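*Asks:* Take this structure, written in structure tokens, and hold onto it; I'll ask about it next.
Computed from the coordinates by the stated procedures, all read-outs in this text should not be read as laboratory data. Here the structure is a predicted model, which is why all the values come from computation and not from measurement. All Cβ positions, glycine included, derive from the backbone under ideal geometry; neighbour counts span all protein chains shown.
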Number of protein chains: 2
Amino acid sequence: MARERKFSTDELFQATKLLLLKHGYEGFTFSLLADYLHVSRGAIYKYYENKEELISEFMLYEMNEFLLDIKGIEQIDGFQDQLDFLIRIMFKNEKIQQLIEMGKEIPKSTNEKARVNKEKLDMLHLQMYHNLQGFVLKGKEEKKLNASIPDGLILGYIFQSVAIPNHFDIPQTEWVDSIKEMICHGILKR
Amino acid sequence: MARERKFSTDELFQATKLLLLKHGYEGFTFSLLADYLHVSRGAIYKYYENKEELISEFMLYEMNEFLLDIKGIEQIDGFQDQLDFLIRIMFKNEKIQQLIEMGKEIPKSTNEKARVNKEKLDMLHLQMYHNLQGFVLKGKEEKKLNASIPDGLILGYIFQSVAIPNHFDIPQTEWVDSIKEMICHGILKR
DNA sequence: CCCTAAAGTGACACTTGTGTTACTTTGTTT
DNA sequence: AAACAAAGTAACACAAGTGTCACTTTAGGG
């Protein structure tokens, strides 16, 4: 290295995540990011040709981290423990659905790397469902999961449920327990 | 009227909805809207000082329509019928949660009308939960709803569940029935 | 010690969006 | 048919984002 870098890739991705969630895809700009990191825009352009390339690269990183988390489910025995694990992971990665939806806003770019990254991203998205397919199938075979619900929907449902906005500031523990209860048994009294 | 208008408020709001959902809050511009309506930007500025004012006005309109729909629940007897009605209304207004979240992106503007509209919007949001409080309380009293879940969360949960993205293109009827089933009884086998 | 090369900067040219205004168009009113 | 007023346009000045490039800074190797 000829000169020390003012920001690491980790710092850059962390800032990207924060600013993307705060301002949305279109509201996110290199100026915002550069200001946040206390560097000039030019410095960021040294590493990424444009917004599409940066964000697609960032999304790939986030998605891989998430998939790594999810793979942990394979080390766990017993359906109920797996479900508990999955819900915990989902809460830990609460924001990723929002990021994934943003990833879909990336326009088809002239930038080759961004195009390739977008394809990889779609692959990872499928792979994620694939990795969890085993869990769902096992649950249905063991008569633990309602077999009449399509596999993908069960997963999408868990995904969606952990992202309910907490408008009424219900304390974290009660919040998580209540959502878990509803995911498992619904809103009706048992 | 001195001259026929090229676009009605209804057309304008419909276009606003479409473009907001397509491009997001920051991605939405007067140029986009003007092009869509085949008028000049200036024509829109005749009615709204800026984006904040237009969008807050639009959100107020959408929210009032939605509240009107929701009020229909008071004409219905019996908890289960009310729940069916509510879920049907939620599916009909599938996109409104997304719009409400966007409404929160409106920055505190210098524009007085936008500021007032934002306050009204917050009021309507609370009123919506208030209007449905009766339904939830009744459900809990009649021992139909799980009483250990906070009222606001039960509503937020229904809200959120109807907005699951249908990535796998499951047919509408199966989709709706499955989600209804999960809202009521969860993902586990009964 | 000086040269190299990566890291970073600042300025430039360009594009896109904003808000305003003088002007034109077009129904209605008298 | 003249005049009026609301509707709409086109052009201007400005602000903000983009992408590039010549230039400066700085750690390390010869």
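*Asks:* Taking 8 Å as the Cα distance limit and 6 or more residues as the minimum spacing, I'd like the relative contact order of segment B:26-131 as a percentage.
*Replies:* Worked out over segment B:26-131, it gives 37 percent.
*Asks:* Can you divide the C-alpha Rg of the protein assembly as shown by 2.2 N^0.38 Å and report the result to two decimal places?
*Replies:* 1.09
*Asks:* Just subtract the alpha-carbon distance of B:Asp177 and B:Gln80 from 0.36 nm times their residue separation and send over the number in nm, one decimal.
*Replies:* 33.4 nm
*Asks:* Between B:Lys120 and A:Gln127, what is the spin-label point distance in nm, taking each point 7 Å from the Cα along the Cα→C-beta axis?
*Replies:* 5.1
*Asks:* Given Cα pairs under 8 Å that are at least 6 residues apart, what percent is the relative contact order of chain B?
*Replies:* 22
*Asks:* Then there's this: Write down the radius of gyration of chain B and its Dmax, each obtained from C-alpha positions, in Å.
*Replies:* Radius of gyration, then largest Cα-Cα span, for chain B: 19.3, 66 Å.
*Asks:* List the aspartates and glutamates whose alpha-carbon lies under 18 Å from that of B:Lys180, not counting same-chain residues fewer than 8 positions away?
*Replies:* Cross-link targets: A:Asp151, A:Glu181, B:Asp81, B:Asp84, B:Glu94, B:Asp169.
*Asks:* If you count, for every residue in B:146-154, the Cβ atoms of partner chains within 10 Å of its Cβ, what is the mean?
*Replies:* Counting other chains' Cβ atoms within 10 Å and averaging over B:146-154 gives 6.
*Asks:* Moving on. So who's got an amide H within less than 5 Å of the one on B:Leu145, skipping anything under 5 residues away but keeping other chains? H placed 1.01 Å off N, in plane.
*Replies:* When sequence neighbours closer than 5 places are left aside, the close amide H contacts are A:Lys189, B:Lys140.
*Asks:* Here's a follow-up. At a 10 angstrom cut-off on C-beta neighbours, averaged per residue, how do the peptides A:168-176, B:26-34 rank from highest to lowest?
*Replies:* Highest to lowest by the protection proxy: B:26-34, A:168-176.
*Asks:* Starting from the Cα of B:Lys6, draw a straight line to each of the lysines and keep only those under 25 Å, dropping any in the same chain fewer than 8 residues away.
*Replies:* Within reach: B:Lys17, B:Lys22, B:Lys46, B:Lys51, B:Lys113.
*Asks:* Give the nm distances, rounded to one decimal, from A:Val39 to the matching residue in every other copy, measuring between label points 7 Å along Cα toward the beta carbon; shortest first.
*Replies:* 4.6
*Asks:* Nm distances between the label at A:Tyr61 and the same-position labels in the remaining copies, 7 Å along Cα→Cβ, shortest first?
*Replies:* Counterpart label points of A:Tyr61 in the remaining copies fall at 4.2 nm.
*Asks:* Same structure, new question: Angle between the Cα long axis of helix A:151-161 and the longest principal axis of chain A, 0 to 90 degrees, nearest 10?
*Replies:* So the helix axis and the longest Cα principal axis differ by about 70 degrees.
*Asks:* Ok, one more. Place the label 7 angstrom along Cα→C-beta at B:Pro171 and in each other copy, then list the distances from the first to the rest in nm, shortest first.
*Replies:* The projected label point of B:Pro171 is separated from its counterparts by 4.8 nm.
*Asks:* Next question. Which angle between 0 and 90 degrees, to the nearest 10, do you get for helix B:79-92 versus the longest principal axis of chain B when only C-alpha atoms count?
*Replies:* On a 0 to 90 degree scale, this one is about 30.
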